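The values are calculated or read from the model by the stated rules, or taken from the named source; none is laboratory data. Please read these numbers as outputs of a predicted model, since none were measured by experiment. Here the Cβ is made from the backbone with ideal geometry for all residues, glycine too, and neighbour counts use every protein chain on show.
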Amino acid sequence: MTRHPRWVRRFLAGSDLDAVTRAIARAEGRTSGEIRVHLEATCPGDPTPRAVAVFERLGMHRTARRNGVLIYVAIEDRKLAVIGDAGVHERVAPDYWQGLSGTLVAHFREGRPRDGLVTAIREVGEELRRHFPRAPDDRDELSDEVSLS
C-alpha cells in the first residue's frame, strides 16, 4: 500500500484516489482523449500557468490528437485549473471549463472532493467522447493514476 503525504490524506483517502483512477479509466474507455488529475499541496500565484507546466511535464501535449485534459488542484491553497490541449480547445467552448470548475468547487466546499473529481472526470469524458470518439485502434497514451508533486 502506497503511503501518501499528509496533505493528500487530508483531502483524499487511498480508496478515493483509487476511485478517481477508475473513473479516469472508465471515461477514457469511450474516447481517444486522455484525462489526468494532478494534486499539489500549494501553488503560489495563478494556478493556470502552473497547470500548463504540469501538463507539459506529464507529456500531455504529446498525445496523437492533442486531446488531453488536466484537472489540477493545489489542495492547501484551494486553487484549481482545468485545461485542455489544442485539439480540445478547438472544439470545446471556453465557458465549458468555467462550469466544470464550478462543479469541482461546489463539491470541494461540501467536503466531497472524491465526488467532485469523479463527477468532473465523467463530464470531461462525455465531452471528449462527443468530439473524440474512441476508435478500434486507440490506445491509452497516458497513465490513469493521480499524479502528485
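Every residue, every condition in (1) without any contact (Cβ under 8 Å) to a residue 24 or more places away in the chain; (2) loosely packed, with under 13 Cβ neighbours inside 10 Å; (3) within 17 Å of PHE55 (Cβ to Cβ), yes or no:
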{"position": "GLU90", "(1), (2), (3)": "yes, yes, yes"}
{"position": "LEU100", "(1), (2), (3)": "no, no, yes"}
{"position": "VAL118", "(1), (2), (3)": "no, no, no"}
{"position": "ALA135", "(1), (2), (3)": "no, yes, no"}
{"position": "ASP144", "(1), (2), (3)": "no, no, yes"}
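Please tell me if GLU40 is without any contact (Cβ under 8 Å) to a residue 40 or more places away in the chain and either out of contact with any His (no Cβ under 8 Å at 6 or more places or on another chain) or within 13 Å of SER147 (Cα to Cα) (or both). Reasoning before the result, please.
Numbers: without any contact (Cβ under 8 Å) to a residue 40 or more places away in the chain: no; either out of contact with any His (no Cβ under 8 Å at 6 or more places or on another chain) or within 13 Å of SER147 (Cα to Cα) (or both): yes.
Considered against the rule, which asks whether it is without any contact (Cβ under 8 Å) to a residue 40 or more places away in the chain and either out of contact with any His (no Cβ under 8 Å at 6 or more places or on another chain) or within 13 Å of SER147 (Cα to Cα) (or both), GLU40 comes out as no.
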### Query
For LEU142, which of the numbered conditions (1) modelled with pLDDT under 95; (2) of a type in the set (A, V, I, L, M, F, W, C); (3) touching a helix residue (DSSP H, G or I) at 6+ places or on another chain (Cβ under 7 Å); (4) part of a helix (DSSP H, G or I) fails to hold?
(4)
### Summary
Of the listed residues (ASP77, ASP46, ASP18), the one being without any contact (Cβ under 8 Å) to a residue 60 or more places away in the chain, of a type in the set (Asp, Glu) and in contact with a Cys (Cβ under 7 Å, 6 or more places away or on another chain) is ASP77
### Top-ranked residue in the stretch 26-53 [being of a type in the set (A, V, I, L, M, F, W, C) and in a helix (DSSP H, G or I); ranked as surrounded by the fewest Cβ atoms within 10 Å (Cβ to Cβ)]
ALA53
### Task
Determine whether GLU56 is surrounded by fewer than 22 Cβ atoms within 10 Å (Cβ to Cβ), within 29 Å of ASP137 (Cα to Cα), at pLDDT 95 or above and not β-branched (Val, Ile, Thr).
yes
### Query
Which of the following residues is within 20 Å of GLU127 (Cβ to Cβ) and out of contact with any Phe, Trp or Tyr (no Cβ under 6 Å at 6 or more places or on another chain): ALA19, ALA53, ALA25?
ALA25
### Message
Being under 21 Å from ALA25 (Cα atoms), outside any strand (DSSP E or B) and touching an Asp or Glu at 6+ places or on another chain (Cβ under 7 Å): is that true of ARG65 here?
### Response
no
### Query
THR63 versus (1) more than 19 Å from ALA13 (Cα to Cα); (2) without any contact (Cβ under 8 Å) to a residue 24 or more places away in the chain; (3) not small (Gly, Ala, Ser): which is the lone unmet condition?
(2)
#### Entry: Check on GLU123, surrounded by fewer than 19 Cβ atoms within 10 Å (Cβ to Cβ) and under 12 Å from ARG36 (Cβ atoms)
no
